[in-house]
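One structure below.
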Amino acid sequence: MSLHALQQQVARALTGQADGQADSGNDPGLILASEVLVAKRRVEAASWLPRTSRTLGTDFTRRFAEHARSYRPRGWNHPRDDAIAFASLVVADRSLTQMIRNLAAYEHAQTRAAAPGPLFIAHHWQHDPARTDAGPGTHLWWRWGRRARLCHLQLPWG
Amino acid sequence: MIAVAVIAVAAADVVAAVTELPFLGAGLGYRAPLRGGIFQHRHELPVLEIIADDYLDPTPEQLDELTLLAEHFIVLPHAIGLSLGSAEGLDHVYLERLANLIAHLKPPWWSEHISFTRAGGIDIGHLTPLPFTQEAVDTLAHNVATVRRVIRTPLILENSAATFTLPGEMDEAAFITAVVSSTQCGLLFDITNLHVNACNQGYDARAALDRLPLEHVVQLHFTGGHRRIDLEIDSHSHPTPEPVWTLLAEVCRRTPVRAAILERDQRLPPIGELLNEVRRAQQLMTMSTP
């Protein structure tokens with residue numbers, strides 16, 4: 001087998017096939033490497049979503065493993081994209097409490113705001129995760145261009 | 001014939017450049033949560049290493065951070081996603097951005113891994129071992145030659161850790177020797193990766209030192225991982241274990257080492273604990289400085 005073909009086979013085995021199932025054969029080292037890869041993605045996502053991951057606790061590990069099986073990040077910004085995609089799932093999951101979904105929405109917006117290039121993000125919360133003593137509020141993030149600095153404004157109304 | 005002569009001259013230049021690299025001492029892999037402690041103890045940290053991939057598409061805030069770091073420390077870029085071992089070649093956008101970062105920082109050298117991270121349109125997101133074959137050596141040499149046409153700053157290559165191996169024609173020591181010889185790059189020798197691979201593949205790490213091209217070592221990495229299902233995992237999550245310190249001391253005894261970087265990514269302890277490890281490495285390095 002050529003190096004190119006071997007590398008494609010290993011890449012598919014480590015990241016999962018199109019049906020979302022890992023195909024690591026019976027090699028325990030390859031299976032473990034696949035698990036390590038998911039663990040590494042989870043640690044990186046947790047660094048972008050510290051409060052969401054802490055609040056979900058052990059459920060974060062289980063939920064992220066499910067997410068990792070179906071979502072394959074691409075490019076060198078993949079830890080950030082991975083975190084954004086995972087946070088979107090948490091926000092959309094109505095089986096979770098409103099508090100956790102609020103938290104994920106806040107960190108989802110914050111992570112998106114860390115990307116380069118022009119952006120404008122506005123989000124309203126009933127209970128502001130940035131200030132536990134605050135009621136409803138709106139956060140705005142904006143960056144006018146690639147070389148412009150990130151601005152963040154917190155408004156005490158929604 | 002002229003083209004062959006030009007390549008030979010370029011390779012000789014690289015070897016000369018490696019031997020002329022400066023001695024920097026022991027330092028730390030820069031991680032944003034450590035920023036305050038790093039600046040507080042900046043006089044004990046002559047050198048930092050950054051993950052280049054984090055700054056390939058930087059925001060103005062990240063550029064400020066890089067500028068601040070470069071004002072106070074020698075900053076070595078350490079790339080992860082160039083995928084030098086990919087048979088399908090390099091991502092030229094990635095390479096161009098990496099070249100911009102290196103031009104911005106002007107480091108004495110930069111580093112990448114003897115591994116691949118991309119194949120068939122899939123970004124694996126993790127350093128993946130190459131088969132120990134001549135085809136893999138040739139692929140690395142071809143890709144390194146491509147990189148050198150874009151980035152003139154000396155490149156050093158790091159041995160990778162693995163929980164599995166792919167079918168090969170030689171052992172790891174012979175493979176690394178062939179890669180160093182073929183690419184004419186210096187070696188970023190990750191002591192922890194040697195320890196991890198020796199444990200997982202059942203060979204004697206100390207005996208392997210006899211067969212590795214230690215004369216090409218420019219820089220060391222060291223850290224601690226964890227064990228799972230009878231396999232060592234290079235998770236950068238624990239203090240450097242004693243067997244790694246023993247190997248590190250042995251390498252420093254055998255060859256001059258220009259820099260050693262503690263790579264800690266997970267379960268970050270207080271800065272004082274990391275500095276204790278950096279100081280211990282610095283003491284061992286003083287034995288290696290000619």
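Here are a few things to note about the model shown:
- No other residue among B:Arg254, B:Arg267, B:Arg227, B:Arg258 is out of contact with any Asp or Glu (no Cβ under 8 Å at 6 or more places or on another chain), within 14 Å of chain A (Cβ to nearest Cβ), of a type outside the set (S, T, N, Q) and in contact (Cβ under 8 Å) with a residue 12 or more places away in the chain apart from B:Arg267.
- Of the numbered criteria (1) within 14 Å of another protein chain (Cβ to nearest Cβ); (2) outside any helix (DSSP H, G or I); (3) surrounded by fewer than 19 Cβ atoms within 10 Å (Cβ to Cβ); (4) not β-branched (Val, Ile, Thr), the one A:Ala85 fails is (2).
- Selection from segment B:161-191 of residues that are away from chain A (no Cβ under 14 Å) and either within 17 Å of B:Glu49 (Cα to Cα) or part of a loop (DSSP other than H, G, I, E, B) (or both): B:Met170, B:Asp171, B:Gln184, B:Cys185, B:Gly186, B:Leu187, B:Leu188, B:Phe189, B:Asp190, B:Ile191
- B:Ser182 passes every criterion in (1) under 30 Å from A:Ala45 (Cα atoms); (2) of a type in the set (Gly, Ala, Ser); (3) surrounded by 15 or more Cβ atoms within 10 Å (Cβ to Cβ) apart from (1).
- Residue selected from segment A:61-82 under the condition within 11 Å of the chain's Cα centre (by Cα) and of a type in the set (Phe, Trp, Tyr), by the criterion nearest to the other protein chains (Cβ to nearest Cβ): A:Tyr71
- Applying the criterion of being among the small types (Gly, Ala, Ser) and surrounded by fewer than 13 Cβ atoms within 10 Å (Cβ to Cβ) to the residues of segment B:198-219, the residue that is modelled with the lowest pLDDT is B:Gly202.
- Qualifying positions in segment B:122-160 - assigned to a loop (DSSP other than H, G, I, E, B), more than 14 Å from every other protein chain (Cβ to nearest Cβ) and in contact (Cβ under 8 Å) with a residue 12 or more places away in the chain: B:Ile151, B:Thr153, B:Pro154, B:Asn159
- Restricted to segment B:50-101, and to residues there that are of a type in the set (Ser, Thr, Tyr) and in a loop (DSSP other than H, G, I, E, B), the residue that is farthest from the other protein chains (Cβ to nearest Cβ) is B:Ser83.
- Restricting segment B:88-100 to residues that are hydrophobic (A, V, I, L, M, F, W, C) and surrounded by fewer than 23 Cβ atoms within 10 Å (Cβ to Cβ), the residue that is farthest from A:Gly75 (Cα to Cα) is B:Ala99.
- Counted residues, segment A:8-24 - those being facing chain B (nearest Cβ under 10 Å) and at pLDDT below 80: 2
- Matching entry among B:Ile50, B:Ile80, B:Ile38 (being in contact (Cβ under 8 Å) with a residue 12 or more places away in the chain and either in contact with a Cys (Cβ under 9 Å, 6 or more places away or on another chain) or over 23 Å from B:Leu187 (Cβ atoms) (or both)): B:Ile38
- Of the residues making up segment B:102-121, just one is touching a residue at least 24 places away in the same chain (Cβ under 8 Å), within 11 Å of another protein chain (Cβ to nearest Cβ) and surrounded by fewer than 23 Cβ atoms within 10 Å (Cβ to Cβ), namely B:Gly120.
- Residue that is surrounded by the fewest Cβ atoms within 10 Å (Cβ to Cβ), among those in segment A:25-46 that are modelled with pLDDT under 80 and more than 9 Å from every other protein chain (Cβ to nearest Cβ): A:Asn26
- Among the residues of segment B:220-243, those that are over 25 Å from B:Ile74 (Cα atoms) and at pLDDT 90 or above comprise B:Pro241, B:Glu242, B:Pro243.
- Within segment B:63-77, the presence of at least one residue that is buried (at least 17 other Cβ atoms within 10 Å of the Cβ), of a type outside the set (A, V, I, L, M), farther than 22 Å from B:Leu21 by Cβ and out of contact with any Gly (no Cβ under 6 Å at 6 or more places or on another chain) is confirmed.
For (1) at positive phi; (2) among the small types (Gly, Ala, Ser), each residue gets a yes or a no:
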| residue | (1), (2) |
| --- | --- |
| B:Gly120 | yes, yes |
| B:Pro129 | no, no |
| B:Thr133 | no, no |
| B:Ala136 | no, yes |
| B:Val150 | no, no |
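- Selection count, segment B:14-35, where residues are part of a helix (DSSP H, G or I) and either modelled with pLDDT of 95 or more or within 18 Å of B:Leu187 (Cβ to Cβ) (or both): 6
- The set of residues in segment B:234-290 being assigned to a strand (DSSP E or B) and touching a Lys or Arg at 6+ places or on another chain (Cβ under 9 Å) consists of B:Ser235, B:His236, B:Ser237, B:His238.
The values are calculated or read from the model by the stated rules, or taken from the named source; none is laboratory data. Predicted model, so just to flag it, every value in this text is computed and none were measured. When we count neighbours, we look across all protein chains shown, and the Cβ atoms used for this are built from the backbone with ideal geometry, even at glycine.
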